[in-house]
Each structure stands twice: as structure tokens, then as C-alpha cells.
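Taken together, the values in this text are just the output of simple stated rules run on the coordinates, not laboratory data. These numbers were taken from a predicted model, which means no experiment stands behind them. Here the Cβ is made from the backbone with ideal geometry for all residues, glycine too, and neighbour counts use every protein chain on show.
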Amino acid sequence: MPLLQQMGDISKITFASSGSEARRMMIDNDFDLVLIHAPLRDEFGAELAGHISETTASGILLMVKNELADSVSEKMEPYGVCVVAMPTTRTLFHQSLKMTVAAHNRMLGLRSENLRLQNKIEEIRLVDRAKCMLIQYQDMTEPQAHRYIEKSAMDRRITRREVAEEILRSFESGT
């Protein structure tokens, strides 16, 4: 069984022959894994790896000549790019691929958690703004405003966020 097929769910493999071609492809496509075999036709490849790292969540594996591996690896470490010295063994290459995929999956998990937390913070801000409106215009205390939002959400089977948005809209429209 070919090595890449052993990696699991690989549905599409795309090739680019230069850094500029790869950058154009990255604009329109999301890639889980990017392998760069340096040097490229128009650049070394480390610049491309850094660019991909800063603009995507792709796992990046940069393959370089053995004598350059240590210095390139040192430069690529802040970007989270895995550098493999070439020539390499099949086993080491396979392990590097697996580690890069694992790092990519971890990055996706962290991004998902970050997005969830950002949404939660936004919800808290909306609810707090709605409470402030109730306190200011309905002469409620903070616990009363909190209870009002919680109870409205439960009674109507909607989220606290939706209740808060309705409250904010009603006070912003003047009703």
C-alpha cells in the first residue's frame, strides 16, 4: 500500500512546481498537509513554508538537503514547520508525516476551541449590555436583570443571546 494512502483520509493530492504557483493555489484551496521539497524552481521554500504557516492551519513538512537541515530547522521552528533532512529513510519520512498531520489536527482543535470561546465571550458581552439596559431603563437591579434574561430564555426555549439581542433591539429602536 502506498505510503500516503496509509496516512488515512487523503482525498486529493495537488502538485505545484514553484513557490508562486503554490501561493496561488493556497488562495483558493485549503490543504491539510503541505510538503515542500526544497529548493523550489523560484525560491528556496522556507519563505513559502513561513507564509503558509502564517496564513493557514495546514501542517507543513519542509524537506531540505542534509547539510542545510539544522540551520533551516532553527529558522522554521517558530513557524511550527517540520523540517526533514534529505535523503531520509522511509520510516523517518512516514513518522514526520504522521507528526505533521497530528500537529495540524491539534491546531484545528485549538482553533475550534478558540472560536467557541470567542463566541462565548461575545454572548457574555451581549447579555451584559442587555442587563445594563434593563438596569438603566427598567430600574432593575443586576440580579433582577440577570434573572429576567435567564427566565425569558428558559420560558421561551431560546438562548440567552437571543433574549439579549431582542432587549438591545427594543431599546435601540425606542420601544
Restrict the search to the range 11-57; then list the chymotrypsin sites (Phe, Trp or Tyr not before Pro) that DSSP places in a loop and that have at most 13 other Cβ atoms within 10 Å of their Cβ. Phe15
If you add up the charges near Glu122, with Lys and Arg at +1 and Asp and Glu at -1, over every other residue whose beta carbon is less than 14 angstrom from its beta carbon, what do you get? +2
In terms of Cα to Cα distance under 20 Å, which lysines are near enough to Lys75, apart from those fewer than 8 places away along the same chain? Lys65
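Dipole of the chain, Cα-centred, from +1 at each Lys and Arg C-beta and -1 at each Asp and Glu C-beta, to the nearest 20 debye? If you can, show how the numbers build up before the last one.
On the way: 22 positive and 25 negative charges, 99 e Å.
Once rounded to the nearest 20, the dipole reads 480 debye.
For the pair Leu108 and Met154, what calculated FRET efficiency results from E = 1/(1 + (r/R0)^6), where r is the Cβ-Cβ distance and R0 = 45 Å, to the nearest 0.05? Could the numbers behind the result be given before it?
Details: r = 34 Å, r/R0 = 0.75.
Approximately 0.85, to the nearest 0.05.
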Helix 160-172 against the longest principal axis of the chain: what's the angle in degrees, Cα atoms only, rounded to the nearest 10? 60
The chain: relative contact order as a whole-number percent, Cα under 8 Å and 6+ apart: 14
Along the chain, longest interval not containing exposed trypsin sites (Lys or Arg not before Pro), exposed being DSSP loop plus at most 12 other Cβ atoms within 10 Å: 42-156
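Once you have the Cα-Cα distance between Ile121 and Thr55, take 0.36 nm times their residue separation minus that, and quote the gain in nm to one decimal. Provide the component values of the computation, followed by the final result.
Numbers: separation 66, 0.36 × 66 = 23.76 nm, distance 2.44 nm.
Additional length available on full extension: 21.3 nm.
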Report which label in (i) 38; (ii) 32; (iii) 50 holds the value of percent of Cα pairs over 26 Å apart derived from the coordinates of this structure. (iii)
